[in-house]
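Shown next, in structure tokens, is the structure this report addresses.
Values in this text are rule-based calculations from the coordinates and carry no lab data. Just so we're clear, the structure is a prediction, and the values are computed from it rather than from any experiment. Virtual Cβ from ideal backbone geometry, glycine too; neighbours counted across all protein chains shown.
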Protein chains: 2
Amino acid sequence: MVVLDEILIEEAAQAFAAMGSEARLLVLATLVKAGREGLAVGDIQARCAMPASTLSHHLRFLTSAGLIEQEKQGRTVINRAAYDRLEALAGYILKECCADQQRGACK
Amino acid sequence: MVVLDEILIEEAAQAFAAMGSEARLLVLATLVKAGREGLAVGDIQARCAMPASTLSHHLRFLTSAGLIEQEKQGRTVINRAAYDRLEALAGYILKECCADQQRGACK
DNA sequence: ACCATAATTCTAGTTATATCGAAATAATGG
DNA sequence: CCATTATTTCGATATAACTAGAATTATGGT
């Protein structure tokens, strides 16, 4: 069993930092809800109600943290949640739970 | 079935922000590994190798985000990972996955 | 070529965070 | 009480983030 989604601590920290702004978390949640089809920047702007430049800034932040993926289609940019990455991050938090204890797992 | 660990978006953002620093994520991971017994501030300092004042700052950040809990025992302060909270946060990310789509869940 | 639309980049002001030494506080033992 | 240990608070500085208007680039339609 090969682990494909091993995450370095610095990558994890960057990803969590990207989720650590209410505005960005809202954008990310909007994309997670939207599903695999994703949303154009304008659609996100309509749903999240923020200035285009602010949104663009946050989208770049989320992209560089690997939480979303962007694909250019004509003059629109489609944004999709990076579900695999998000799952890996969800697992990261408690990954090594109680590793220092000899016997017994957590809980 | 009552959901006890409902999290507001602003709380989630604060929690993720707290995990969004490499130094703090290291501290948190150290506590997660340590298990329910927790660690004194001095023990964390020894394992994470950072100045006491810096560590104290990060611990306050983590505490106010609800990621760790502190208990004073004599002159030492025991720090424990808030496992319930961490689990809730892990679930938060993909909680409403594909909610906007009529049919079919994600994947 | 021209114009409307989609999105990003530029620029700047404001606020928040990171770091850490020095000093202060708090609790214990002698 | 005094010394010691454990931790926090203070203060200062450096860096980074948030926000958003204005300007810019890129594409598609007419």
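Assess whether A:GLY35 counts as being closer than 18 Å to B:ILE93 by Cβ and among the small types (Gly, Ala, Ser). Yes. Residues that are touching a helix residue (DSSP H, G or I) at 6+ places or on another chain (Cβ under 9 Å) and either within 16 Å of DNA strand D (Cβ to nearest atom) or not in a helix (DSSP H, G or I) (or both) within segment B:83-104 comprise B:ILE93, B:LEU94, B:LYS95, B:GLU96, B:CYS97, B:CYS98, B:ALA99, B:ASP100, B:GLN101, listed in sequence order. None of B:GLN45, B:GLN73 is surrounded by 13 or more Cβ atoms within 10 Å (Cβ to Cβ) and of a type in the set (S, T, N, Q) except B:GLN45. Reported count of residues in segment A:65-81, each being touching a helix residue (DSSP H, G or I) at 6+ places or on another chain (Cβ under 9 Å) and in contact (Cβ under 8 Å) with a residue 12 or more places away in the chain, is 11. Do you know which residues across segment B:16-55 are small (Gly, Ala, Ser) and within 12 Å of DNA strand C (Cβ to nearest atom)? Residues satisfying the conditions are B:ALA17, B:ALA18, B:GLY20, B:SER21, B:ALA23, B:ALA49, B:ALA52, B:SER53.
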